[in-house]
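Working notes, structure below.
The values are calculated or read from the model by the stated rules, or taken from the named source; none is laboratory data. The model shown is predicted, which means the values in this text are computed figures rather than measured ones. Virtual Cβ from ideal backbone geometry, glycine too; neighbours counted across all protein chains shown.
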Amino acid sequence: MDKSKLRLFHTTKEVEMHFDSFLDTLSQGGMAFCAAVGTYVDSGGNGDLAAKLHQLNELEHKGDDLRRQVEHELYTLALIPDFRGDVLSLLEDLDCLLNVMEETMVSFDIERPAFPQELHADLRLLAQNVSSAVESAVLASRAFLRDIQSVRDHLHKVMFYEKEADRQSDKLKRAVFASSLPLVEKLHLRRFIDAIDHIADESEDVADWLAIYTIKRLD
């Protein structure tokens, strides 16, 4: 049998459906995070930010519920014993992305970092690159479930967007520290730039592990 075409959950569609729903939730979380950053810079923390935060919170809770459901089914149905540990680790790592995105926006809401107007476009671009890294990790994970040979088609995109996020983060921090802002404000803004960029780093970690899990399945 061609292992590259073997669906991971070929014995039951229900678990695959729940895993798919979990990935849908993470994908929505990445888009919601990007939109929340845009809303923040547009309104200075006012406007629709509360609605965006609520959306991220709901997605984070939904993701937790779906992750637990898949974990329960993997054990109770005695599925994929050879790869169960890898799938559980993948679920935890993906769920961490949702958690970090929600926590980052909660910190924005609490601390209200005051980014100068001239940095707003670059901050948006950073959030877009981060969201794209998350989405590419989602697509790679979907491929891991259905068509193992196509995982690499998405993994390299995670790396690309992570590098783009790093470049954008560096550009923003250089602009912040070249400004006339007080040092305490510069440090405050740098912390938030790093927090956003960290989500792309987490996506890259997911991609690195997925590459290993893929090799193991094809072995």
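So which of 178, 195 is farther than 28 Å from residue 95 by Cβ, out of contact with any His (no Cβ under 9 Å at 6 or more places or on another chain) and modelled with pLDDT of 95 or more?
Exactly one of 178, 195 is farther than 28 Å from residue 95 by Cβ, out of contact with any His (no Cβ under 9 Å at 6 or more places or on another chain) and modelled with pLDDT of 95 or more, namely 178.
Identify the residue in the range 167-219 that is closer than 29 Å to residue 152 by Cα and among the polar types (S, T, N, Q) and, among all such residues, is surrounded by the most Cβ atoms within 10 Å (Cβ to Cβ).
203
Tell me which of these residue 129 doesn't satisfy, since it passes every other one: (1) surrounded by 22 or more Cβ atoms within 10 Å (Cβ to Cβ); (2) at pLDDT below 95.
Of everything listed in (1) surrounded by 22 or more Cβ atoms within 10 Å (Cβ to Cβ); (2) at pLDDT below 95, residue 129 misses just condition (2).
Looking only at the range 89-140, count how many residues are farther than 17 Å from residue 33 by Cβ and of a type in the set (Lys, Arg).
1
Pick out, from the range 113-219, the helices (runs of 4 or more DSSP H) lying fully within it that include 3 or more residues that are touching a Leu at 6+ places or on another chain (Cβ under 7 Å), hydrophobic (A, V, I, L, M, F, W, C) and more than 23 Å from residue 28 (Cα to Cα).
151-178
Hey, can you tell me all the residues within the range 51-85 that are among the small types (Gly, Ala, Ser), at pLDDT 85 or above and surrounded by fewer than 18 Cβ atoms within 10 Å (Cβ to Cβ)?
Scanning the range 51-85 gives a single hit, 51.
Are there any pairs, at least 6 apart or on different chains, whose C-beta atoms fall under 9 Å, with the first in the range 159-183 and free of Cβ contacts under 8 Å to residues at least 60 places away in the same chain and more than 29 Å from residue 207 (Cβ to Cβ) and the second surrounded by 13 or more Cβ atoms within 10 Å (Cβ to Cβ) and among the basic types (Lys, Arg), and if so, which?
Listed by first residue and then by second, the contacts come to 177/186; 177/190.
Assuming residue 153 fulfils every condition listed in (1) within 15 Å of the chain's Cα centre (by Cα); (2) free of Cβ contacts under 8 Å to residues at least 24 places away in the same chain apart from one, which condition is it?
All conditions pass for residue 153, except number (1).
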